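Student: Below is a structure I'd like to ask you about.
Read-outs: derived from the displayed coordinates by stated rules, not from any lab. Given the structure is predicted, the values throughout are model-derived calculations rather than measurements. Using ideal geometry, Cβ is built from the backbone for each residue, glycine included, and neighbour counts are taken over all protein chains shown.
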């Protein structure tokens, strides 16, 4: 089975621009979660999508948004980029259903640099 | 608010030694505690996980010890190898509606040959 894929792997943007990152989950997985990883704040949860609906949201400003398509692929958008948005953005997929925890499988991430 | 505290920040161990990483949590609603291993340029990968009704879980050279009353858990890497050099994250999650992983701050492990 192919793993979680994220595109692009690297991205350079300037302040004020917007960016869209893409995540393709493992086949059969319906849940996609996004995390931001920075040296200062570590790994922080952004949001989770399941069956095209946002199920959970972390403590990030509204500039960070996402969506999920019917094939479970997900996109994350950041508008009006700030220098502090420079980070590794990780996508994780899981089966997602039921009441018990399903293992989350992480992609390699998209390294975003804001100049 | 950091809900999972991890220590030490960095750890250097000789080959064959034991690496120990500790974590403490505050939220008693957490009911699943995974450990992730991350190599440079890669995403985190699940290493081993434990539920709070178990005090210890062992998989190969990796062991999780869990103390529910103290709200602490730790990862022990026996016979540490240079290939174990990576960043390790403890995490916690509730299996209910709030499924977000809350991560510790990470421990950079270096195993010297």
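Student: Highest GNM mean-square fluctuation, chain A, Cα pairs closer than 10 Å: which of A:66, A:84, A:96?
Tutor: Comparing A:66, A:84, A:96 in a Gaussian network model of chain A, the most mobile one is A:84.
Student: Can you list, bin by bin at 5 Å, the percent of alpha carbon pairs in chain B, starting at 0?
Tutor: 2, 13, 24, 25, 19, 10, 5, 1, 0
Student: What are the semi-axes of the equivalent ellipsoid of the stretch B:1-66, taken as the square roots of 5 times the eigenvalues of the Cα gyration tensor, listed largest first and rounded to whole Å? Don't jump to the answer; show the numbers that get you there.
Tutor: On the way: eigenvalues 86, 50, 35 Å².
Taking √(5λ) for each eigenvalue gives 21, 16, 13 Å, largest first.
Student: If each residue's Cβ is checked for other Cβ atoms within 10 Å, how do A:85, B:53 rank with the fewest at the top? Let's see the in-between values first.
Tutor: On the way: A:85 21, B:53 8.
Least to most surrounded, the residues fall as B:53, A:85.
Student: Stick to the Cα atoms of the stretch A:14-82, pair each with every other, and give me the Kirkwood hydrodynamic radius in Å at one decimal.
Tutor: That comes to 12.6 Å for the stretch A:14-82.
Student: I'd like the FRET efficiency for residue A:70 and residue B:51, computed as 1/(1 + (r/R0)^6) with the beta carbon distance as r and R0 of 35 Å, rounded to 0.05.
Tutor: Plugging the Cβ-Cβ distance into 1/(1 + (r/R0)^6) gives 0.55.
Student: Using only the Cα atoms of the protein assembly as shown, what are the Rg and Dmax in Å?
Tutor: Computed over the Cα atoms of the protein assembly as shown, radius of gyration and Dmax are 17.6, 50 Å.
Student: If chain A were replaced by its equivalent ellipsoid, with semi-axes equal to the square roots of 5 times the Cα gyration tensor eigenvalues, what would those be, largest first, whole Å?
Tutor: 23, 14, 13
Student: Using only alpha-carbon positions, what ratio does the radius of gyration of the stretch A:60-111 give when scaled by 2.2 N^0.38 Å?
Tutor: 1.34
Student: Please order A:29, B:76 by the number of other Cβ within 10 Å, starting at the fewest.
Tutor: Result, fewest neighbours first: B:76, A:29.
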